[in-house]
Each structure stands twice: as C-alpha cells, then as structure tokens.
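Engineer: Just dropping this structure here.
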Amino acid sequence: ETPFAIGTVSAATIAYTNGGVQYLITSANLTVTLPTAAAGRTVVLFINYGGAHTVTFAGGTLLKPVGGSFPTATSTAGKWDKYVISCLPDGTATTIADGGRAF
C-alpha cells in the first residue's frame, strides 16, 4: 500500500478513506483527531518530528490506549514514531497503541 502523506502540520485529522498507512511531519505541538468509529478499521500512523513537539490524540469514539496509558511521544527533531490506531470490531472504542520507534 502506498502511504498517504498528510503533510507538515500542527493538527491532523485521520481519515480511514486515506488508506491504512499515513504519515506526517510535525511543524509544532501536534493534535491528531481520530476518525469516527468504523468497526474493525485500522490505520498505522508514522509521525516524523520537525522539532521537539508533543502529540495529543482527540476525537474518535471512546479512546482506549492499549495498556491503559497513551504512548509517550519521542518528541525529538528528526525522529519517527509509529502508532497503530484501530476501531474495535464492535465499534465501541478506538484503541491507540505505540508501534515502536521507527528510527
């Protein structure tokens, strides 16, 4: 799958219609708005840090971080983070998992 480039941003809205792999570059502290529930849908989001920026997640259905707490962003210029955003099969919640540091 060809990754969808969101752009260089301080706010991003994830849309399932843009595909299962999306990426962006931060231009300031970042707010990621998740899509409305779509049962069983998943997006892998890569974030490339354009500076020492924080990441906040909003929107979605009911946000449930895997393991009980939201992943801690790398927040280091030039580094990447990978997040896996999934809607549960019954559509009741959107989960966010830290997929690890890409590099």
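The values are calculated or read from the model by the stated rules, or taken from the named source; none is laboratory data. The structure presented is a predicted model; accordingly, all values stated were derived computationally and were not measured. Reconstructed Cβ throughout: ideal geometry from the backbone, glycine too, with neighbour counts over all protein chains shown. Side chains included, ligands, DNA and RNA excluded: accessible areas come from the protein's heavy atoms. Shrake-Rupley method; radii C 1.70, N 1.55, O 1.52, S 1.80 Å.
Engineer: For the stretch 79-91, what are the residues that are part of a loop (DSSP other than H, G, I, E, B) and open to solvent by 50 Å² or more (accessible area, probe 1.4 Å)?
Structural biologist: Of everything in the stretch 79-91, those that are part of a loop (DSSP other than H, G, I, E, B) and open to solvent by 50 Å² or more (accessible area, probe 1.4 Å) turn out to be Lys79, Leu88, Pro89, Asp90.
Engineer: Right, next: Quickly run through the stretch 48-75 and pick out the residues that are in a loop (DSSP other than H, G, I, E, B) and either touching a residue at least 60 places away in the same chain (Cβ under 8 Å) or β-branched (Val, Ile, Thr) (or both).
Structural biologist: Thr54, Thr61, Thr72, Thr74
Engineer: For the structure I just gave you, tell me whether Gly20 is modelled with pLDDT under 90 and open to solvent by less than 30 Å² (accessible area, probe 1.4 Å). It would help to see each step written out before you state the result.
Structural biologist: Working: modelled with pLDDT under 90: no; open to solvent by less than 30 Å² (accessible area, probe 1.4 Å): yes.
No.
Engineer: Let me ask something else. Enumerate the pairs (first residue in the stretch 32-43 and farther than 21 Å from Lys82 by Cβ; second residue anywhere and of a type in the set (Asp, Glu)) with beta-carbon separation below 7 Å, excluding pairs fewer than 6 apart on the same chain, so at least 6 apart or on different chains.
Structural biologist: Ala39/Asp90
Engineer: Here's a follow-up. Within the stretch 92-99, is there a residue that is assigned to a strand (DSSP E or B), out of contact with any helix residue (DSSP H, G or I) (no Cβ under 8 Å at 6 or more places or on another chain) and modelled with pLDDT under 90? Quick ask: steps written out before the conclusion?
Structural biologist: Initial filter on the stretch 92-99 (assigned to a strand (DSSP E or B)): 94-99.
Checking the rest, the ones that are also out of contact with any helix residue (DSSP H, G or I) (no Cβ under 8 Å at 6 or more places or on another chain) come to 94, 99.
Remaining after also requiring modelled with pLDDT under 90: 94, 99.
Yes: one or more hits.
Engineer: Open to solvent by less than 30 Å² (accessible area, probe 1.4 Å) and assigned to a loop (DSSP other than H, G, I, E, B) - does that describe any residue in the stretch 39-47?
Structural biologist: Scanning the stretch 39-47 turns up no residue that is open to solvent by less than 30 Å² (accessible area, probe 1.4 Å) and assigned to a loop (DSSP other than H, G, I, E, B).
Engineer: Pick from the stretch 1-17 the residues that are open to solvent by less than 60 Å² (accessible area, probe 1.4 Å) and not in a strand (DSSP E or B): which of them is nearest to Tyr83 (Cα to Cα)?
Structural biologist: Ranking the candidates gives Ile14 first.
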